[in-house]
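The values are calculated or read from the model by the stated rules, or taken from the named source; none is laboratory data. Values in this document were obtained by computation on a predicted structure and should not be read as measured data. Glycine also receives a Cβ, built like all others from the backbone with ideal geometry; neighbour counts cover every protein chain displayed. Surface accessibility is based on the protein's heavy atoms, side chains included, excluding ligands, DNA and RNA. Shrake-Rupley method; radii C 1.70, N 1.55, O 1.52, S 1.80 Å.
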Amino acid sequence: MKITDQLVEKHGLKKDEFENIKKLLGREPNLLELGIFSAMWNEHCSYKSSRLHLKKLPIAGEQVIQGPGENAGVIDIGDDDAIVFKIESHNHPSYIEPYQGAATGVGGILRDVFTMGARPIALLNSIHFGAPDHPKTKSLLNGVVSGIGGYGNCIGIPTVGGETKFNETYNENILVNAMAVGHAKKNKIFYSKAKGLNKSVVYVGSKTGRDGIHGASMASAEFDEESEEKKPTVQVGDPFTEKLLMEACLELMKDNSIISIQDMGAAGLTSSSVEMASKGSLGIELDLEKVPCREENMTPYEMMLSESQERMLIILEDGKENSAKKIFDKWDLDFVIIGKTTNTNKLILKFNNKIEGEIPIEALASKAPVYDRKWIKKKPSKIKVDLKNLKKIKIEDALIKILSSPNHSNKSWVTNQYDQMVMCDTAQKSGSDAAIIRIHNKDKAIAVSVDSSANYCKSSPLTGGKQIVCENWRNLIAVGAKPLAITNCLNFGNPENKEIMGEFAECINGIKEACEFLNYPVVSGNVSFYNGTNNKNIYPTPVIGGVGLIQKLTKPINHYFKKENSSIIVIGKTIGHIEQSCFLKENYSINEGLPPEINLLNEKNNGESLLKLIEKNLVLSSHDISNGGLITALCEMTFSSNFGAKIYKPKKLTNMFKYFFGEDQGRYIIEIEAENLPKVEKILKDDKIYYENIGFTQKEKFEIEGELNILTKDLFKINNEWYNKY
């Protein structure tokens, strides 16, 4: 087939990129080779627009065993135990085919984790949809939630946490980010680096079909009016086969058979073979007629670019082929030797004894383009909201508006579709600041949380990047966990747009600054660009997934009030920052001004002091203050509890709305038994931590002196209404 300009463009390659390909090959590529370059040089696989900026992120630390560059990150939690985790996007496929897009997003991230030798122990997700009244939102929500639940429930991994958000910025480009967490032994971590010559390259798992062809390329382009036509590029998942594949791989990993192993994810057989060879500075030769296919007359082009699910590529030690095959036969999975490692440093593709493709590995990997795209800084907003000029509203009415809004309503309709208790190690499921998973047969546990704040990042990308790291850090602290490391999924619009690239660059700088200060390294992640339709880009939405360690889990800390007449303390100073707040958004449709400033020293000191209090068993319940401010956080502490609160009228800040709805950062609410109050106050004073004693717990009612008096059961009912009606 003649390679035309139209064919090059259809493969997502620019003219200058195609010219570079010809130089690297010393000739014009054939169609198969063009497809392979298209897969390996797109944003999803090459990170060509983000790589320069990602290098800024802190990736090392005493706790880090493996940082970015492998299938998933690995951290040390002591006692020869390791936690393996990563988050990835499946945005475009989920918009086109919500059930399968979300389901295969879960399947793909699970493979990234068990490929490293870890048994998955938890799933989380961050899902963002358009305005609730948009004609597509409800069906997309239903499809995505069903896909996440369907895959996770069938494979038997608990989905323990996440977030579901709505904003018109996602009307034509939803976000579906899936995170998986696994547990392994430190001395049994497996990597993808190929080693040795003439080693068997083995295909295992499901057969290859025509689903998912050009899936990675589709994820590296904006949507347009023809997006519906891209449905054939969405993969089809089978969780039951994935369960078999996981068990077979983990069984094989018990001995010393595996040299390297790689999930066939984005770009399928192409990316897995190229990545293994590139990391090992080797070549790979594949006999494509041996690839197990489930459809007739599949071409080499289709085999190499298919993204059929539940497949792995393994390089085995000599003489281990037969024993390995017995394991996969037992689990009723394909096991076929389809090639070998070579010293050619090339990807050589044969089909029926004829060479169909021959490409230097470095041309696909190290010599893929890297762009230093132009970007501009976001101009800081000079808008200041004057509450005196707004229509007067009662505190109770403002609170009800927030609690009954789509973004703040109870989301149990979503989480009830996920099996959160399978495997029996979920000590605290979704609904609190972070979920807690016990390490099997041990008294220690990990806490996990995912967070995002797109409106902050849109207003000030630098501050927003810092804030979302701190928000995630606080969520782990609030349940008594020491934060160890993060994974990130960076969802942005078109990087060829200077403003969008500026949002990305500044968010990265903010994430870097917060992670360095908090000793909270980035060990894995994913960049998802081109999230937009017809040149309308989404808000910048970096999603942070964090993992923390609880050394000794006795009784999990959550955010529900526990006793009557307990003291209620706020750690951290309330200044009353109201711009970019839920109060203004939900009550006045105002989304203006700058987000609250981030004081990293206060974040660290406040968090570490709270951890000290929790470790001394002085805290009954704990909750960080974020969206919706102090009053919203207090209400959340009354839900699923028999207790409310009586809050004193503030003396230092005269504007009640700023005090109760302001979204100042670095703050926590803690519940303390009255007799322990002197001990707590002494520790906070010794640590030079600002705090306020704002009230006490009581039965059945939530009160603010002179402003509000409402039954907690009515608050809970209000908080549940929106989803019940939707």
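Side notes on the structure shown:
- Test: residue in the stretch 36-45 that is surrounded by 20 or more Cβ atoms within 10 Å (Cβ to Cβ) and more than 29 Å from L269 (Cβ to Cβ): no
- The single condition from (1) within 26 Å of E671 (Cβ to Cβ); (2) open to solvent by 10 Å² or more (accessible area, probe 1.4 Å) that A445 fails is (2).
- Only one of the listed residues (I683, I694) is open to solvent by less than 60 Å² (accessible area, probe 1.4 Å), touching a strand residue (DSSP E or B) at 6+ places or on another chain (Cβ under 9 Å) and of a type in the set (A, V, I, L, M). That residue is I694.
- Residue list for the stretch 21-56, restricted to those being acidic (D, E) and in contact (Cβ under 8 Å) with a residue 40 or more places away in the chain: E33, E43
- Condition check for E564: within 19 Å of F696 (Cα to Cα), open to solvent by 40 Å² or more (accessible area, probe 1.4 Å) and either more than 26 Å from the chain's Cα centre (by Cα) or among the hydrophobic types (A, V, I, L, M, F, W, C) (or both): yes
- Test: residue in the stretch 156-172 that is touching a Gly at 6+ places or on another chain (Cβ under 8 Å), open to solvent by less than 20 Å² (accessible area, probe 1.4 Å) and either within 30 Å of K188 (Cα to Cα) or part of a loop (DSSP other than H, G, I, E, B) (or both): yes
- Count - residues of the stretch 305-324 that are of a type outside the set (D, E, K, R), buried (at least 17 other Cβ atoms within 10 Å of the Cβ) and over 14 Å from G265 (Cβ atoms): 4
- Sole exception among (1) farther than 28 Å from D211 by Cα; (2) under 28 Å from the mean Cα position of the chain (by Cα) for S306, by number: (1)
- Residues in the stretch 329-382 that are among the hydrophobic types (A, V, I, L, M, F, W, C), within 24 Å of L34 (Cα to Cα) and touching a Lys or Arg at 6+ places or on another chain (Cβ under 7 Å): I338, I359, I361, A368, V370.
- Top-ranked residue in the stretch 629-655 [being under 20 Å from E705 (Cβ atoms) and in a loop (DSSP other than H, G, I, E, B); ranked as least open to solvent (accessible area, probe 1.4 Å)]: P650
- Applying the criterion of being closer than 13 Å to T164 by Cβ and in a loop (DSSP other than H, G, I, E, B) to the residues of the stretch 413-423, the residue that is most open to solvent (accessible area, probe 1.4 Å) is N416.
- Hits in the stretch 680-726 (condition: among the β-branched types (V, I, T) and in a loop (DSSP other than H, G, I, E, B)): I689
- Contacts under 7 angstrom Cβ, first residue in the stretch 71-98 being without any contact (Cβ under 8 Å) to a residue 12 or more places away in the chain and over 19 Å from Y520 (Cα atoms), partner open to solvent by 10 Å² or more (accessible area, probe 1.4 Å) and of a type outside the set (K, R), 6 or more apart: none
- Listed by first and then second residue, the pairs linking a residue in the stretch 407-420 that is closer than 13 Å to N125 by Cα to a residue that is surrounded by fewer than 18 Cβ atoms within 10 Å (Cβ to Cβ) and among the aromatic types (F, W, Y), with Cβ atoms under 9 Å apart and 6 or more places separating them unless they lie on different chains, are V414/Y723.
- Residue among A485, A434, A427 that alone is among the hydrophobic types (A, V, I, L, M, F, W, C), touching a strand residue (DSSP E or B) at 6+ places or on another chain (Cβ under 9 Å) and open to solvent by 10 Å² or more (accessible area, probe 1.4 Å): A427
- Test set (1) buried (at least 19 other Cβ atoms within 10 Å of the Cβ); (2) within 27 Å of L518 (Cβ to Cβ) - K688 fails condition number: (1)
- Only residues that are under 19 Å from E705 (Cα atoms) and either at pLDDT below 95 or open to solvent by 30 Å² or more (accessible area, probe 1.4 Å) (or both) were counted in the stretch 393-412, giving 5.
- One residue alone among G61, G35 is outside any strand (DSSP E or B), more than 24 Å from L313 (Cβ to Cβ) and among the small types (G, A, S), and that residue is G61.
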